[in-house]
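Since every read-out is calculated from the coordinates, none of them should be taken as a lab result. What you are looking at is a predicted structure, and each value in this text was computed from that prediction instead of being measured. Don't worry about glycine lacking a Cβ; one is built from the backbone with ideal geometry, like all the others, and counts go over all protein chains shown.
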Amino acid sequence: MTQTVQSDTFLVSRNCVKLYDGVTLPVPQSIQATTVLFDSPNQMLPIDKASLTAQSKKLTQRFYYGAVDTPTTFALADSLCMLEGAKHCALYPSGQAALHAVMSVVATTGDEVLVADSVTYTTRWLFDQVLARAGVSIGYFAPTDLAAFEQRLSARTKAVFLESPGSMLYEIQDVPAITRLCRARGVVTILDNTWSASTLFNGFETGQIDVVVLSLSKYHGAPLGVSGGAALSNDAGLHAEFRHFGALVGAMLSSDSAARIASVLPNLRLRLEHQAATLARLLPKVAAIVGEANIFYPAHQSSGQFELWQRDFLGANSLITVRCPANSPDDVGAVLSRFRVVRHGYGWGGDTSLVNAVMPNRERHFPVAPGDTPYLRIYVGMEHAMDLEADVVHALERAVR
Ligand SMILES: *Cc1c(COP(=O)(O)O)cnc(C)c1O
């Protein structure tokens, strides 16, 4: 998938829903279908396992059973392939469903999966509570210690799961180095690339990753309130199994959700750039209040991983975590309650800026951040930079006075 043009809008809109061969609608359409009718039985696929996951280039040959796929879901999958630089994309109703499908296909009873300790808490719970129960052995490793990771690999290791940057503190893993070690041993590598929103890190080229998993419920779909998930790969066999697993357990993305996510993909990069620029304006103000060492953001010069971030990433997103100074005169609850423009809530990636108290060390096997007090995770949305700045400065300044 070589990108000869620089415009995501072109890449994405070129693939909007094909109604008939030769006729394409530039605005994604929701095509709800359970029953699919054909003019002739000769156009139909046989009722068998291969048809369930058929992906012929010919439109009528792709359409099997509308609850599994519609031209709309194919169009979204094709657009995500272009953005992520992958050959294949399987869609799911959430990131969590995508993770579950991928891990269920890749690992089975007796296999060992090594997991970066920086994964988001719901991923940790999926591994510890669902995969472990299926007899998969789960081992966590310190996400930034390459030597320790290499030691941890064994003949039993089937797959390695990465999330880079990690949730909460954004530790960057040396993905190319990790995948090099895994390739040599035939270990499957999986990367949760949600932070990068199909824009900031190329898992296949830069990362040499086997499978990229996405939550589409953040920057992709959150502005419209839509959840989704995706599993991307370059291996036709793996891809067929991902699609098949989703179809068998009934974890399919609806045509309506696919159409809505596809409709905001053309401005994904613009939103990310704008929001990151707003955060870049805030950053020095926040640093001046809480101190450089209390800021967690990969694009921050003093992050300790700035060079790795510069080497591998095309930009940063608009999530930042801040540690309230230890001598703060009030508790975190009092700090939180002073935010007005930045709202209290879950589910980042949409237009609304959010602040949450998070416990980055809780449940970790390799704690990295100092202290066991809550940190503030701030998501910068689409509000005006000056409003956000006044709000954040007001809330934090009183905390250190
Ligand atoms: C939100 C999130 C998920 C889970 O995705 P859902 O679509 O909410 O199920 C997985 N990984 C990361 C990094 C996330 O931020």
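Taking the simple approach of a point 7 Å from Cα along Cα-to-Cβ for both Asp351 and Val130, what is their distance in nm?
Here the answer is 3.2 nm between the modelled labels.
Taking only C-alpha pairs under 8 Å that are 6+ residues apart, what is the relative contact order of the chain in percent?
Values: 778 pairs, mean separation 67.7, N = 401.
Normalised by residue count, the contact order of the chain is 17 percent.
In Å, what Rg and Dmax follow from the Cα atoms of region 268-400?
Considering region 268-400 through its Cα atoms, Rg and Dmax are 14.3, 40 Å.
What FRET efficiency comes out for the pair Val23/Arg281, r = Cβ-Cβ distance, R0 = 35 Å, nearest 0.05?
Working: r = 45 Å, r/R0 = 1.29.
Efficiency, from the Cβ-Cβ distance: 0.20.
Of Val358, Ala142, Ala107, which is farthest towards the positive pole of the chain's charge dipole, taken about the Cα centre with +1 and -1 on the beta-carbons of Lys, Arg and Asp, Glu respectively?
Farthest towards the positive pole: Ala107.
For Leu224, project a label point 7 Å along Cα to C-beta. Then give me every residue of region 253-278 with its amide nitrogen under 12 Å of that point.
So the set is 254-268.
Can you pull the one-decimal nm distance between simple spin-label points at Thr108 and Thr34, each 7 Å off the Cα toward Cβ?
So the label points at Thr108 and Thr34 sit 3.3 nm apart.
Nearest 5 is fine: what % of DSSP beta bridges in the chain come out antiparallel, could you say? Please report the intermediate quantities before stating the final value.
Working: 23 of 42 bridges.
Roughly 55 percent of the beta bridges in the chain run antiparallel, per DSSP.
Which whole-number percent is the relative contact order of region 77-189 (Cα, under 8 Å, 6+ apart)?
25
Quick one: dipole size for region 268-400, taken about the Cα centre, charges +1 on Lys/Arg Cβ and -1 on Asp/Glu Cβ, in debye to the nearest 20. List each step's numbers first, then the result.
Details: 13 positive and 14 negative charges, 26 e Å.
It comes to approximately 120 debye.
Contact order normalised by length for region 268-400, with contacts defined as Cα pairs under 8 Å and 6 or more residues apart; what percent is it? Each step should come with its number before you reach the end.
Values: 195 pairs, mean separation 41.3, N = 133.
The value is 31 percent.
What is the projected area of the convex hull of the Cα atoms of the chain, averaged over all directions, in nm²?
Details: hull surface 79.6 nm².
Mean projected area for the chain: 19.9 nm², to one decimal.
I'd like to verify something in the chain: which complete DSSP H helices, judged by Cα projection on the helix axis, reach 30 Å or more and average at least 0.0 on the Kyte-Doolittle scale?
Working: long enough: 268-290 (31 Å, 0.64).
Helices passing the filter in the chain: 268-290.
Sorted from fewest to most neighbouring beta carbons within 10 Å, what does the list Glu273, Glu389, Glu112 look like? Don't jump to the answer; show the numbers that get you there.
Numbers: Glu273 13, Glu389 16, Glu112 19.
Exposure proxy ranking, most exposed first: Glu273, Glu389, Glu112.
Compute the distance in nm between two label points, each set 7 Å from the Cα along the Cα-to-Cβ direction, one at Ala67 and one at Ala147.
Label at Ala67, label at Ala147, 5.5 nm between them.
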